[in-house]
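Accompanying notes for the structure given below.
The values are calculated or read from the model by the stated rules, or taken from the named source; none is laboratory data. Remember, predicted model here, so these are calculated numbers, not experimental data. Positions of Cβ are generated from backbone atoms using ideal geometry, with glycine treated the same way; all protein chains shown enter the neighbour counts.
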Amino acid sequence: MSSRWKKVIAPVAVAAVLVALWHLLTYGAANEPAIAKTRFPTPWEVVLGFKHLLTTRPGEKAPQLVSSTVASVFRVMAGFNLAMLLGIPLGLLMGWYAGTYRALNPLVQLLRPISPIAWIPIAILMFKNDEPRSIFLIFVSTIFPITTAAAAAVQNIPQVYIRSAANFGCDGWSLFKKVVLPASLPQILTGLRLALGVGWIVIVAAEMIAVRSGLGRLIQDARDATGRLDLIVATMITIGAIGIGLDALVRRLENVDQIKWGYAKRG
Amino acid sequence: MRGAQKTFSEPGKPAIEVLSGVDLDVAEHEFVCLLGPSGCGKSTLLNMCAGFESIDGGTIAIDGEPVMGPDPRRVFVFQEYAIFPWMSVWDNIAFGLQGRSDAQRHEIARHYIELVGLEGFERAYPRELSGGMKQRVGVARALAVNPDILYMDEPFGALDSLTRLNLRSQLIQIWRREKKTILFVTHDIDEATQLGQRVVVMSARPARIKTIVDLSGLAYPRDIDSAEYIQARDRLFEEMGVSTRV
């Protein structure tokens, strides 16, 4: 058996067993009209739920599931990119200049543990429209982990790299470009992965409470309007799958030659 | 360089006195080993010579000019692999050559890659190299800027003994060909006996110079089976206060 096969076979087997179990546990109640509304859907019903979400197009050109996914992904990307744009330079500055770190770190550490959910009322009051609201929420939930990771990355650069560079007369912008930034990239990337994961979790909550579209809203609508658990479960599975996809996107960067060294197994 | 002069003395930090009044003169093109027990402060001395650490008393001067900070004319080779893991072998070796024309950079990098025997590995990244190869990149990177002095801080300390022996003989060849002044820190008596024209034996912390053993009578390449070699080595064992019997 090829090693590739081996990698696939265990998770597939586990999934098959779980789906079978799920079917056995939910199938019995499928024909009980008394609890039809509140019972958990069977796997097949969830498949039909997917079909429903992929065929209904309420006033839009794209199917519901697609347009919601696009909306959520766009918001996360917009907020995350803004957070990177500000958070990475800020973190690098904090990591390099002890004074900047002393001045800003208490503030960052105070804001960082506040649940992004706690920002939702502020977002609602500050922004009227869905997009700025959700982008703001993603921004505040991702900027602190990004900044913290970038600052720590610079602080953890081994002294020999800095000394070596100084020895060859490398300083200023050149030192930053050739040594400081590449030396901190692997750790920054780990921070970005974490932040993107947080952003994807937060967007669902934000849409459920404060936004009128997106995957979070799709779940909320399925509950409020139609009361269909099959649609809720289908949407949740979609959220998980997109989450894997976003993470894989960032992970691909870990294989770039200039970054890969930071992840090699340590001797 | 006309006989580099280094005189160093430190009245003592309030906390720990690492070096107490070290006086040493090193001549141009000389190979000097600083030999001492681990943690005695010989690395600190080397770091001060390189300008990485400040001098708290006394002076270190090269060609009469006090050391004020790191300088490409004197390059440090670290024990830890200080070559940059995000750069290829080629880019590492050419690192110190900024400001030269592309053609010049190319020619110099080419020359030192060949000198340390890394042809064919130009595009490789450090993680793909063995420890010995990494350290050869470190030496090539240092030599590429054509420094007057090489400071080597236990550069082969992390390698296995065969690789170490190999790299020492390569280092001797390079030193004789390129005519550098080398200050080499080690705690390994055999290493010091094989490499140094003079061996500066240092005491435990706070480090002082115990004695300076002149090995310039031993011709290179040194025969580690010869009676003279063994005599010289035993002398160092004695100076270090270590028995030659295990």
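May I ask you to verify whether residue A:212 is in a helix (DSSP H, G or I), of a type outside the set (A, V, I, L, M, F, W, C) and touching a helix residue (DSSP H, G or I) at 6+ places or on another chain (Cβ under 9 Å)? No: the conditions fail for residue A:212. Residues that are farther than 28 Å from residue A:259 by Cα, of a type in the set (A, V, I, L, M) and within 8 Å of another protein chain (Cβ to nearest Cβ) occur at least once in region B:50-63. Filtering region B:70-86 to residues that are out of contact with any strand residue (DSSP E or B) (no Cβ under 6 Å at 6 or more places or on another chain) and at pLDDT below 90 leaves B:80, B:81, B:82.
Table: residues versus (1) among the aliphatic types (A, V, I, L, M); (2) exposed (fewer than 15 other Cβ atoms within 10 Å of the Cβ); (3) touching a His at 6+ places or on another chain (Cβ under 7 Å); (4) modelled with pLDDT of 95 or more.
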| site | (1), (2), (3), (4) |
| --- | --- |
| A:207 | no, no, no, yes |
| A:227 | no, yes, no, no |
| A:231 | yes, no, yes, no |
| A:240 | no, yes, no, yes |
| A:256 | yes, yes, no, no |
| A:262 | no, no, no, no |
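To keep it simple, each residue is scored yes or no on (1) under 30 Å from residue B:18 (Cβ atoms); (2) touching a residue at least 60 places away in the same chain (Cβ under 8 Å); (3) surrounded by 19 or more Cβ atoms within 10 Å (Cβ to Cβ).
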site: B:55; (1), (2), (3): yes, no, no
site: B:61; (1), (2), (3): yes, no, no
site: B:65; (1), (2), (3): yes, no, no
site: B:71; (1), (2), (3): yes, no, yes
site: B:104; (1), (2), (3): no, no, no
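Scanning region B:191-206 for residues that are in a helix (DSSP H, G or I), hydrophobic (A, V, I, L, M, F, W, C) and closer than 28 Å to residue B:80 by Cβ turns up at least one hit.
Only one of these is under 24 Å from residue B:165 (Cβ atoms), surrounded by 21 or more Cβ atoms within 10 Å (Cβ to Cβ) and facing chain A (nearest Cβ under 9 Å): B:137, B:75, B:116. Name it.
Result: B:75 is the single residue among B:137, B:75, B:116 that is under 24 Å from residue B:165 (Cβ atoms), surrounded by 21 or more Cβ atoms within 10 Å (Cβ to Cβ) and facing chain A (nearest Cβ under 9 Å).
Give, as residue ranges, the helices (runs of 4 or more DSSP H) completely inside region A:87-204 that count at least 1 residues that are within 15 Å of the chain's Cα centre (by Cα) and polar (S, T, N, Q). Here the list reads A:130-155. Which members of region B:145-157 meet the condition of being farther than 14 Å from residue B:76 by Cβ and surrounded by fewer than 24 Cβ atoms within 10 Å (Cβ to Cβ)? Passing the criteria: B:146, B:157.
One residue alone among B:19, B:34 is touching a helix residue (DSSP H, G or I) at 6+ places or on another chain (Cβ under 6 Å) and either surrounded by fewer than 22 Cβ atoms within 10 Å (Cβ to Cβ) or modelled with pLDDT of 85 or more (or both), and that residue is B:34. Every condition in (1) touching a Gly at 6+ places or on another chain (Cβ under 6 Å); (2) more than 14 Å from chain B (Cβ to nearest Cβ) holds for residue A:168 except the one numbered (2). Scanning region B:116-154 for residues that are assigned to a loop (DSSP other than H, G, I, E, B), aliphatic (A, V, I, L, M) and under 21 Å from residue B:62 (Cβ atoms) gives a single hit, B:145. Checked against (1) within 30 Å of residue B:127 (Cβ to Cβ); (2) surrounded by fewer than 21 Cβ atoms within 10 Å (Cβ to Cβ); (3) more than 8 Å from chain A (Cβ to nearest Cβ), residue B:80 meets all criteria but (3).
Listed here are the residues, each with its yes/no results for (1) surrounded by 16 or more Cβ atoms within 10 Å (Cβ to Cβ); (2) under 26 Å from residue A:247 (Cα atoms).
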residue: A:42; (1), (2): yes, no
residue: A:84; (1), (2): yes, yes
residue: A:91; (1), (2): yes, yes
residue: A:119; (1), (2): yes, yes
residue: A:126; (1), (2): no, no
residue: A:137; (1), (2): yes, yes
residue: A:140; (1), (2): yes, yes
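Scanning region B:83-94 for residues that are farther than 19 Å from residue B:52 by Cα and either assigned to a loop (DSSP other than H, G, I, E, B) or facing chain A (nearest Cβ under 8 Å) (or both) returns B:85, B:86, B:87, B:88, B:94.
The set of residues in region A:181-213 being among the β-branched types (Val, Ile, Thr) and over 30 Å from residue A:224 (Cβ atoms) consists of A:188, A:190. Among the residues of region A:59-73, what is the count of those that are touching a helix residue (DSSP H, G or I) at 6+ places or on another chain (Cβ under 9 Å) and surrounded by 15 or more Cβ atoms within 10 Å (Cβ to Cβ)? The qualifying residues number 9.
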